[in-house]
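So the structure is just underneath, and the comments pick up after that.
Just so you know, all these numbers are worked out from the coordinates, no wet-lab data involved. What you are looking at is a predicted structure, and each value in this text was computed from that prediction instead of being measured. Using ideal geometry, Cβ is built from the backbone for each residue, glycine included, and neighbour counts are taken over all protein chains shown.
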Amino acid sequence: MSDVMPEDGPPAEPAPPEAYGTEAYEPAVPAPLGVERVPTGHPGVDAGLERLGDADHLPADGHLEVYEDVHRGLRDALTALDARPPMPSPYEHRS
């Protein structure tokens, strides 16, 4: 028995587009995914969710800018949750 494969000739060329019933490849136009955006009640997060809708009408190479913008906003919203509230001034009058 031999581990050598017999050569059948050069590899086959790919079939032309006409063989598949299409004239040429055309990428799909941008279309919404149909994902429902449910408000969270937090204005910053809800604004980010709405901003994601902007990507629905952009080609894929335009999504990155939208995603980075939303990520930045969500990161800021989470960071704000960790911030300590300012200490009241000892001179403020409390009722």
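General observations
- Debye log10 I(q)/I(0) for the range 38-83, one point scatterer per Cα, at q = 0.16 Å⁻¹: -0.44
- Each residue of the range 44-58 was assigned a 3J(HN,Hα) from its phi angle through the Karplus expression (A = 6.51, B = -1.76, C = 1.60, θ = phi - 60°), giving x, 5, 4, 5, x, 5, 5, 5, 4, x, 5, 6, 4, 10, 10 Hz with x at Gly and Pro.
- Ranked E26, E36, E68, criterion: other C-beta atoms within 10 Å, fewest first: E36, E26, E68
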